[in-house]
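Trainee: Submitted below is the structure of interest, expressed as C-alpha cells.
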Amino acid sequence: MREDLNVPLAKGAITDDARIRAAVPTLKHLAERGAKVIVMSHLGRPKGAEPALSLRPVAVGLAKQLDQEVQFADDCVGEAARSAVGRLQAGHVLLLENVRFHPEDEANDADFARRLAALGELYVNDAFAASHRAHASVVGVAAYLPAYAGELMEAELAALHKALDDPKRPLVAVVGGAKVSTKVGVLRHLLQKVDALLIGGAMANTFFKAQGYPTGKGLVEDSALDDAKAVKKSGGTKLVLPVDLVCAQRMEPKQQLRVVSARGVEPGWMALDVGPKSVAKFAKHIGAASTIVWNGPMGVAEIPDFSEGTRAVGEAMASSNAYTLVGGGDTVAAIDALGLSGRFSHVSTGGGATLEYLEGKELPGVAILKEA
C-alpha cells in the first residue's frame, strides 16, 4: 500500500497526526480481512538516508491509531524489507522505511519499482496527497501488480468530483494565500466552472497593484501583474476582490491596526487581512451558495490579530447549508487553529494534489489506477 504518512515531526515526535488518522480506515479494513499489509510512504525531502527523516516514529503513531502493533523495516527494498515481509503474519501491518531515502523513487526508476512490487501481490494507492507525483512508489509499482484505490483515495476523488465536476449551483470558490503565480492556473480553471470566485490573502495585493491601487509595504508579486490583469479581465463580475483591508506597519502581533478601503493603503503600511465590509460581501456570496470550495487563508491567519477575516469567512461557510470542500495545508491548519474543525463536508488531505486537481490537471497516481 502507498499511504501519505508525511507528518510534521519535532524532535522525533509527531506534531500533527491528521494524515495517519486518514490512512487508518483502509489499513484496518485490509488487516481485518486477513491481509498482510505492507505500507510504503515518504517523509520530507531527504538527501539520501537521513536519520531525522526516518519513518520509525510514524510506526509508533500508526500503531496507536490502529490499536495494534506495527512492525518496522529498516529499508523499503533489499534484505531488510524482504525478511520483515517474510516474518509478517496475516492481519498484521508492516511499515517500510522512507522510500525517498532512495533517489530512484522520485526518478520513477523501473527497477526500483519492480523491487518494491516484489514485496507484495496487490497494490493499493491510498495516498491521494502524493498522487500528483509520478514516483516509483506511486505509479511505478502499478506496472507490476494489480492496482486499486484505497478508501481515502476514493473519498478524496468523490469529494472533488462532487464539488467541481458535478456541483449543485451556485458554486462559489474562495481562494487565498500569498502568491498569484502559484495559483494562476487554478484561478483560470475555476473561473470557467464557478459562479463566483472570491479572492483574499496577500495575492489580492497583486490584483490591486495591477489596477493601479497603492499597496504600501504589502507583499506584491511584480512578476505576476500581467497574470493578475488577465485573470481580472477574463473573470469579469465573477471575480470578487476585497473592498476593505486590515493594515499594520509590521507583520507582528500587537501592532496598531487600521481598516482602510482597498484603494486606501498608505505608504509604510501593509494589508494583512480582509476587512469587515469584505467579510460581509463574501458572506453574502457564501450564504447564497449550494457548493463552496475553499483553498487558502484570507490573511496572515497564524497571527491572531490578522486571523479574523479567515475565521469569519470560515464561520460563514461552516454555518451555510452548502456542500463545503476545504483543501490546502495552510487552510486546514487555519481551521484547526480557529476552532472550525469538523464543520465542513470534506477536508482534503491533498495539498499540492488538491491544487493540481483544482487546476484541471490529471494526477499521474490517479490516471494509473483508472488504466488498471
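Since every read-out is calculated from the coordinates, none of them should be taken as a lab result. Fair warning: this is a prediction, and the values are worked out from it, not measured in the lab. Please note: Cβ atoms are built from the backbone with ideal geometry, for glycine as well, and neighbour counts cover all protein chains shown.
Trainee: Using Cα centres only, tell me the gap between segment 238-257 and segment 296-372 in whole Å.
Mentor: When both Cα centres are located, 21 Å separates them.
Trainee: Out of residues 5 or more away from VAL174 or on other chains, whose amide H comes under 5 Å of its own, with H placed 1.01 Å from N in the peptide plane?
Mentor: LEU198, VAL293, TRP294, ASN295
Trainee: Something else about it: For a protection proxy built on the mean count of beta-carbon atoms within 10 angstrom, sort 179-188, 79-88, 203-212 highest first, please.
Mentor: 203-212, 179-188, 79-88
Trainee: In segment 1-70, which GluC sites (Glu not before Pro) are in a loop and have at most 14 other Cβ atoms within 10 Å, using DSSP for the loop call?
Mentor: Those satisfying the criteria are GLU69.
Trainee: Provide the net charge surrounding ALA159, with neighbours chosen by a C-beta distance below 13 Å and charges set as Lys +1, Arg +1, Asp -1, Glu -1.
Mentor: Combined, the nearby Lys, Arg, Asp and Glu give -4.
Trainee: Mind listing the phi-derived Karplus ³J(HN,Hα) values for segment 139-151, rounded to whole Hz, using 6.51, -1.76 and 1.60 with θ = phi - 60°, and x for any glycine or proline?
Mentor: Per-residue couplings from phi come out as 10, x, 4, 5, 6, 10, 9, x, 10, 9, 8, x, 5 Hz.
Trainee: So in the chain, what percent of DSSP beta bridges are antiparallel if you round to the nearest 5?
Mentor: Once the DSSP bridges in the chain are tallied, antiparallel ones form about 25 percent.
Trainee: Which links in LYS168/LYS229; LYS193/LYS232; LYS179/LYS284 stretch past 19 Å when you go from one Cα to the other?
Mentor: LYS168/LYS229; LYS179/LYS284
Trainee: Right, next: What percent of all Cα-Cα pairs in segment 9-149 falls in each 10 Å bin, counting up from 0?
Mentor: All Cα pairs, binned at 10 Å, distribute as 12, 45, 38, 5 percent.
Trainee: Order of HIS29, HIS135, HIS92 from fewest to most other C-beta atoms within 10 Å?
Mentor: With the fewest neighbours first, HIS29, HIS135, HIS92 line up as HIS29, HIS92, HIS135.
Trainee: Would you calculate a helix-derived [θ] at 222 nm for the chain, using -39,500 (n - 2.57) for each DSSP H run of n ≥ 4 and dividing by the full residue count, to the nearest 500?
Mentor: -10500 deg cm²/dmol
Trainee: Looking at segment 198-333, what % of the alpha carbon pairs are farther apart than 18 Å?
Mentor: That fraction is 54 percent.
Trainee: Then there's this: What is the spin-label model distance, in nm, from LYS284 to LYS370 if the labels are put 7 Å beyond Cα along the C-beta direction?
Mentor: 3.9
Trainee: Given H placed on each backbone N at 1.01 Å, which residues far from VAL124 in sequence or on other chains put an amide H within less than 5 Å of it?
Mentor: Those qualifying (amide H under 5 Å, at least 5 residues apart or on another chain) are ARG2, TYR148.
Trainee: Using modelled backbone amide H atoms (1.01 Å from N, in-plane), which distant-in-sequence or interchain residues come within less than 5 Å of VAL259's amide H?
Mentor: Residues meeting the criterion, in which the H sits 1.01 Å from N, are CYS247.
Trainee: Below 8 Å between Cα atoms, with a sequence gap of 6+, how large is the relative contact order for segment 9-149 in percent?
Mentor: It rounds to 24 percent for segment 9-149.
Trainee: Just add up the charged neighbours of HIS102: K/R +1, D/E -1, any other residue whose Cβ is under 14 Å from the Cβ of HIS102.
Mentor: -4
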